[in-house]
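Please treat every number below as a calculation from the coordinates, not as lab data. Note that this is a predicted model, so its numbers are computed, not measured. Don't worry about glycine lacking a Cβ; one is built from the backbone with ideal geometry, like all the others, and counts go over all protein chains shown.
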Amino acid sequence: MWEVLGDLIPEQPRPTARPALWRYQEMRALLLEAGKLITPQEAERRVLILENPSMQGTSLITQSMYSGLQLVDPGETTPTHRHATSAIRFVIESEKGYTAVDGIRTTMHPGDLVLTPSWTYHDHGNPGDSPVIWLDGLDVPIVNMLGTSFAESYPGEFQPVKRPEAGAEVLFNFSYARSREALDRLYRNGPLDECHGIKMQYANPAAGGYPMPTIGAFLQLLPAGFQGARYRSTDAAVYCVAEGSGASTIGGTEFAWQKNDVFVVPSWCPVSHKVNGEAVLFSFSDRPVQKALGLWREEVSR
């Protein structure tokens, strides 16, 4: 062990993932091109994987999370399937797009967060006239590391709709309109955090706590003129810009971002955000796992 102890138990995290940013307009063009080349049935799911540049060949955005941009073109539906991995969907573009989970269908709107719990049948559709695009976040590497991955297709091509759509908002669809209103209310009534502005954690509607046992999700408001203090934590986070524009300094490198761009902050990597006008950031990470195991740590640099 004396030859490998420093690698087995390093003094602080040594993430394989590195800071990275994907510009949405560039990715959108590629995604729409893919839509002309392959159908949802051929692809099972038509997704462009956001693979961390320092982790080539892994299909991962961080060591514990998978992420990608998924497309459903007008008139399309995806085959129904289920898997042991849990998934979240942060909606970027949608007029009439929907997701169905275990027979409950919900219409998706930009900024909505839709949950797909482990081992629930789900499919997606787009009866509208414009593309539906969302950001996927899945706990694929956690499930695979534990050797517990299972998946299967629905016996028919599509599952039947069992319950009215109204039930979905209670069970697995977090409306952006309601979430945004909550951020505004907190901003009016509470102090700003020096690192995060106003930051809110999504909670599981049935059990409380995090929305998934393995995936935490957050929404934060950065008021106009905000310049945050440096912050780092052990959960690597994937961000998507819901509103506005600004820049984040991640590990000493500044990444300028605008609406719908996606960027990643690796584990224990210092990050600070700044904006001119008001901005809203969505993010997700493996924080629930780390907290459950007593491993999560954070630090503010003033």
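Data overview
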quantity	calculated
Size of electric dipole in the chain: Cβ of Lys, Arg +1 and of Asp, Glu -1, about Cα centre, debye, nearest 20	620
Order by protection proxy (mean Cβ within 10 Å, highest first), peptides 37-50, 123-136	123-136, 37-50
HN-Hα J in Hz across the range 56-64 - Karplus 6.51, -1.76, 1.60, θ = phi - 60°, x for Gly and Pro	4, x, 9, 6, 10, 9, 9, 5, 10
Dipole of the range 15-301 [Lys/Arg +1, Asp/Glu -1 at C-beta], most positive-end residue of THR77, PRO15, ASN260	PRO15
Amide proton proximity set for ARG297, modelled H, under 5 Å, gap of 5+	THR234, ASP235
Between the range 79-94 and the range 1-47, the alpha-carbon center distance in angstrom	17
Of (i) 54, 54, 40; (ii) 62, 54, 41; (iii) 58, 44, 30, the label for Cα extents along the principal axes in Å derived from the coordinates	(i)
Relative packing of peptides 172-185, 228-241 - highest average C-beta neighbours within 10 Å first	228-241, 172-185
Sequence-separation-based contact order of the chain, relative, with Cα cut under 8 Å and 6+ spacing, percent	17
C-alpha center-to-center spacing [the range 101-154, the range 221-299] in angstrom	24
Length added when fully stretched, LYS162-ALA84, from 0.36 nm per residue minus Cα-Cα	25.9 nm
Approximate spin-label separation THR253-GLU152, in nm, with each point projected 7 Å along Cα-to-Cβ	4.4
Packing-based ranking, highest mean first, of 151-160, 216-225, 5-14 given that Cβ atoms within 10 Å are counted	216-225, 151-160, 5-14
Listed pairs LYS162/LYS259; LYS96/LYS274; LYS96/LYS199; LYS199/LYS291 exceeding 24 Å between Cα atoms	LYS162/LYS259; LYS96/LYS274; LYS96/LYS199
Radius 13 Å from Cβ of LYS36, net charge of other residues (Lys, Arg +1; Asp, Glu -1)	-3
Spacing of the two label points (7 Å from each Cα toward its C-beta) at ARG297 and ARG18, in nm	2.4
